[in-house]
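Engineer: Structure below; questions to follow.
The values are calculated or read from the model by the stated rules, or taken from the named source; none is laboratory data. As the structure is a computational prediction, the values presented were derived from the model and not from experiment. Backbone-built Cβ (ideal geometry, glycine too); neighbour counts: all protein chains shown. We work out accessible area using only protein heavy atoms, side chains counted, and drop any ligands, DNA or RNA first. Shrake-Rupley method; radii C 1.70, N 1.55, O 1.52, S 1.80 Å.
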Amino acid sequence: MTPLALRTIRDELGLTQRELAEMVGVQPQTVSNWERGRQGIPEPAAKLIARLLQDARRPGSRLRRAAPAA
């Protein structure tokens with residue numbers, strides 16, 4: 001997962017860096033480092049984030065989602 005892909009996913013989920021960090025089990029600074037390309041995203045974290053996105057796209061999901069771009 002690239003830094004840009006992570007940011008795009010987080011935006012689609014409507015989550016702050018802090019909220020995503022809590023869901024993944026890392027510090028908010030770690031998410032910031034991932035998005036800036038300062039640290040690679042470990043495979044387990046990338047898989048969890050991808051799963052969050054899949055879950056958010058399901059009808060009736062409890063995850064917040066950003067409004068679609070016009």
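Engineer: What accessible area per residue comes out for the chain, rounded to a whole number of Å², with a 1.4 Å probe?
Structural biologist: Working: 4820 Å² over 70 residues.
Counting only protein heavy atoms, the per-residue value for the chain is 69 Å².
Engineer: With label points built 7 Å along Cα→Cβ from the Cα atoms of Ser32 and Ala50, find their separation and express it in nm.
Structural biologist: Using points 7 Å along Cα→Cβ, the separation is 2.8 nm.
Engineer: For the chain, modelled as a Gaussian network with Cα springs under 10 Å, which listed residue fluctuates most, Glu35, Glu22, Glu12?
Structural biologist: Among Glu35, Glu22, Glu12, the largest mean-square fluctuation in the Gaussian network model of the chain belongs to Glu22.
Engineer: Right, something else. Using a 1.4 Å probe on the protein heavy atoms, what percent of the accessible area of the chain belongs to carbon and sulfur?
Structural biologist: Result for the chain: 50 percent of the exposed heavy-atom area is carbon or sulfur.
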